[in-house]
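Nothing in this text is a laboratory measurement; each read-out follows from the coordinates by a stated rule. Quick caveat: nothing in here was measured; it's all calculated off a predicted structure. Positions of Cβ are generated from backbone atoms using ideal geometry, with glycine treated the same way; all protein chains shown enter the neighbour counts.
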C-alpha cells in the first residue's frame, strides 16, 4: 500500500528521510509507520498548514478470485481523502531594540555593576 499526496502543504514541504529532495507526491505506507516522513515549514509567519492524502491499495485479481487464477490483472482502490492538519509553534525572531544606554562611571582598575537602568532593551513577544 502507498500514500498519495493529493494536495500538498502551502507553507512547507513533505519529504522522506531516505529521499530528502522534496516535495514527495507518493510514499510507501511503511515509511509512514516507521516515522520516515517529515514536514518542513517554510519559515513564514503562518501558524497552521495542512495537506491531503489518500491511501492507494493495489489488489491483484488472484486475491479477488481465489486460487487458480493467474491473469496478473490488478485493481487500484483509493481511500477517501484525509486532511492532515499541522500546528506550527512560533519562534520569537523579532530583533530587540535598545531603549536606554546611559553608560556608567568606574575608577581606573575598578569594577562597577551594570543594571537595566544603565542598559535596557525592549523585545516584542510574539
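Going by neighbour counts of Cβ atoms within 10 Å, the residues 4, 30, 87 line up, fewest first, as 87, 30, 4.
Considering only 22, 81, 96, the Gaussian network model of the chain with Cα springs below 10 Å gives its largest mean-square fluctuation to 96. The computed Cα extents along the principal axes in Å for the structure shown corresponds, within (i) 99, 27, 19; (ii) 65, 33, 22; (iii) 65, 40, 23, to (i).
Multiplying the residue separation of residue 52 and residue 83 by 0.36 nm and subtracting their alpha-carbon distance yields 10.7 nm.
Among 49, 93, 42, a tally of other beta-carbon atoms within 10 Å of each Cβ gives an order, fewest to most, of 93, 42, 49. With neighbour counts taken as other beta-carbon atoms within 10 Å, the residues 118, 45 rank, fewest first, as 45, 118. Comparing 54, 106, 88 in a Gaussian network model of the chain where C-alpha atoms under 10 Å apart are linked, the largest mean-square fluctuation is found at 106.
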